[in-house]
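Read-outs: derived from the displayed coordinates by stated rules, not from any lab. This is a predicted model, so every value here is computed, not measured. Neighbour counts are summed over all protein chains in view; Cβ atoms, including those assigned to glycine, are modelled from backbone coordinates with ideal geometry.
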Amino acid sequence: MTLLDALIRPDRYPRSSRYDPAWLVGLDMGPNPLWLLEDLAADLGLRPGMKVLDLGSGKGATSVFLAREYGVDVVAADWWIPAEDAAAVFAEAGVGDRVRAVRAEAHALPFEAESFDAVVSVDAFEYFGTADTYLPYLARFLRPGGLLAVATPALTREVRDLGTIPPHIERVVGWEAIAWHTPEWWRFQWEITGLVDVTTARHQPEAWQNWLLWTRACAAHQPDGARVHGPVLDMLTEDAGEHLSFTLLTGRKR
Ligand SMILES: C[S@@+](CC[C@H](N)C(=O)[O-])C[C@H]1O[C@@H](n2cnc3c(N)ncnc32)[C@H](O)[C@@H]1O
């Protein structure tokens, strides 16, 4: 069994297991985005025909998955990846008619108010979504009753409570780990606004193991993978599941 085969787990992730792991690893920008999305969508209630914003969609794997698995129409918005590159991924995956790629910065979204039924963000919110003012800004793009879903790296305890970023994490991601919040932190941060009802705030089951399986596969199967992913492998190995996790968060706009 290769390290790519370890990314096919139909018992745990039946939908994600239908995707070629080599394709997915080729679009890598962080730990298995399809597993995160499949876990997140279980709490969400997406229905065919919904208009969904995939915010921080990267190279596009999650947008392909949303269109194929849930029959929704997707706007894939990202800042670092040119829209033409993402559009090529969507065309090749056969969803070019249902997924539109847009280059957009998360604080200057080029959309009408209340134009989405759902906003989904996988492994991106930590870059732009932790400010007190961000949820109120983003919520304006959702219709009343619209759904919000975020998967974002987490620590099992807040950095504030630990008093420091654990050294093995600080060595690899530096101060960025202060944006890796617990489900409880996010629940309070969203609920206090009075704008959304939080429907779930939980850790992804087996988040650390999932992250490790993904990183091992990327290290083995990407050009220069061992060098690029080595530091993250060291971080995960030293962590042994003590601190590193992912938060899954869903809510509904009032
Ligand atoms: C770790 S990558 C994850 C990409 C993709 N969701 C995935 O899981 O493969 C984070 C993404 O967040 C996007 N991002 C970061 N800051 C952003 C911002 N200010 N506005 C819009 N997108 C942003 C980046 O462009 C990048 O594609």
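One Cα centroid belongs to the stretch 1-78, the other to the stretch 130-185; the line between them spans 21 Å. Only the Cβ atoms of Lys and Arg (+1) and of Asp and Glu (-1) were treated as charged; on that basis the dipole of the chain about its Cα centre amounts to roughly 580 debye. The residues packed around L147, meaning those with a beta-carbon under 9 Å from its beta-carbon, carry a net charge of +1 if Lys and Arg are +1 and Asp and Glu are -1. Gyration tensor over the Cα atoms of the chain: the corresponding equivalent ellipsoid has semi-axes (square roots of 5 times the eigenvalues, largest first) of 26, 24, 16 Å. Backbone phi angles across the stretch 244-254, fed through the Karplus curve with coefficients 6.51, -1.76 and 1.60 (θ = phi - 60°), yield HN-Hα couplings of 7, 7, 10, 8, 10, 9, 10, x, 10, 5, 5 Hz in residue order; Gly and Pro are listed as x. Descending by average beta-carbon neighbour count within 10 Å, the peptides 103-109, 31-37 line up as 31-37, 103-109, the highest first. With R₀ set to 35 Å, the beta-carbon distance separating D197 from R18 gives a calculated FRET efficiency near 0.60. Its alpha carbons give the stretch 94-229 an Rg and a Dmax of 17.2, 49 Å.
The protection proxy used here, the mean number of other Cβ atoms lying within 10 Å of each residue, ranks peptides 12-25, 221-234, 180-193 as follows, highest first: 180-193, 12-25, 221-234.
Between F111, F141, F90, the GNM of the chain built on Cα springs shorter than 10 angstrom shows F111 fluctuating the most. Taking amide H as placed 1.01 Å from N in the peptide plane, the amide H of R15 sits under 5 Å from none that are at least 5 places away or on another chain. Based on alpha carbons, the Rg and Dmax found for the stretch 204-245 are 10.2, 30 Å.
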